[in-house]
Amino acid sequence: MTEQTLISELEQLVSEGRNPNTMHIDLLPTFDILREMNYEDQTVPLAVEKVIPAIAAAVNQIVAAFQKGGRLIYMGAGTSGRLGVLDASECPPTFSVAPDMVVGLIAGGPDALRRSIEGAEDDPAQGRQALEEIELSKDDVVVGIAVSGRTPYVIGGLNYAKSIGAFTVALSCNPNSIIAGIADLAISPVVGPEILTGSTRLKSGTAQKLILNMLTTASMIRIGKSYQNLMVDVSASNKKLVARASRIVMQATGCTQQEARRVLDLTGNDVKLAILIEITGMGIEEARAALQNADGFLRKAINARTA
């Protein structure tokens with residue numbers, strides 16, 4: 001692709017436009033720069049709100065994939081790739097899922113998380129190769145993340161995913177993007193031009209982060225990873241999370257800290273199991289069986305016992 005062709009493509013993208021509200025931002029004092037940034041950022045949640053129907057459709061596909069043993073796979077380049085890797089990496093400690101249940105792929109590999117890998121995003125074959133290396137299956141959901149909607153790495157990945165029957169989602173910040181035309185489902189929040197032209201780690205990156213939060217959090221809630229609004233499948237892997245586990249048991253049951261610690265010690269810091277035992281008085285093996293019969297849904301297991 002020639003430089004002129006690329007320039008012409010960029011000129012058509014909303015995310016690459018010049019923001020008329022910030023044309024003189026280089027003349028402003030610090031406080032006013034920050035106020036302008038904050039003003040622009042306030043538009044992002046409103047743009048995300050408009051695409052909630054598409055996000056909901058994606059969540060339903062992800063839940064269906066999880067229920068049949070499939071995975072959620074993010075792939076992107078630069079900021080988009082880093083946000084996908086970040087969201088994926090938060091799922092095991094937050095929801096006690098296997099590390100490969102939500103996977104983040106970035107053009108250029110792990111080194112690209114810390115520094116720019118020149119040209120990594122320009123090869124669609126690398127997108128296909130990345131998915132082949134993790135043995136993508138038709139039971140997986142692939143979310144291609146690209147603000148511009150034209151990143152070759154993502155295009156290559158989505159095309160390959162579709163070819164084997166995996167469900168595909170395009171997340172971009174430009175309407176009618178190339179990846180939107182490829183994927184089975186498009187999520188396209190339009191946040192408009194950035195305060196610094198083309199710096200899509202700003203509003204566009206924020207929109208992507210909000211949506212990735214929604215995809216994984218809603219999906220995990222739908223498969224029983226919460227009770228009320230508590231993270232009952234949290235992995236108590238450090239001192240802070242051990243304390244949080246105790247607090248969650250206390251909040252869910254109204255018991256004392258000492259009682260929460262006793263029942264957590266009994267269950268090996270299994271918060272969900274501890275709550276079930278504390279509320280119902282079940283023995284540990286009976287509680288384990290009850291949770292299994294309830295497909296891991298704590299509320300369902302409690303209701304079955306107390307009905």
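Please treat every number below as a calculation from the coordinates, not as lab data. What you see is a predicted model, and the numbers here were worked out from it, not measured in a lab. Quick reminder, even Gly has a Cβ in these numbers, built from the backbone with ideal geometry, and neighbours come from all protein chains shown.
Each peptide among 175-188, 23-36 gets the average number of other Cβ atoms lying within 10 Å of its residues, and from highest to lowest they stand as 175-188, 23-36. Result for the chain in a Gaussian network model with C-alpha springs under 10 Å: among GLU133, GLU49, GLU16, the largest mean-square fluctuation is at GLU133. Available extension along the chain between ALA304 and GLN42 is 89.9 nm, counting 0.36 nm per residue and deducting the alpha carbon span.
For SER246, what is the net charge nearby, where nearby means another residue's Cβ is under 15 Å from its Cβ and Lys, Arg count +1, Asp, Glu -1? Here the count lands on +3. With the simple spin-label model, which puts each label point 7 Å out from Cα in the Cβ direction, the LYS239 to ASP295 separation comes to 4.1 nm. Sorting 140-151, 237-248 by their mean Cβ neighbour count within 10 Å, with the most densely packed peptide first, gives 140-151, 237-248.
Each peptide in 281-287, 260-266 receives the mean, over its residues, of other Cβ atoms within 10 Å, and ordering these scores from highest gives 260-266, 281-287.
Other residues within the sphere of radius under 12 Å centred on the Cβ of LYS68, judged by their own Cβ, net out at 0 (K and R +1, D and E -1).
Other residues lying with their Cβ under 13 Å from the Cβ of LEU291 contribute a combined charge of +1, Lys and Arg counting +1, Asp and Glu -1. The calculated FRET efficiency for the pair SER137 and ARG35, based on their C-beta separation and a Förster distance of 41 Å, comes to about 0.25. Using the alpha-carbon centroid of each, what span in Å lies between region 227-243 and region 94-163? When both Cα centres are located, 29 Å separates them.
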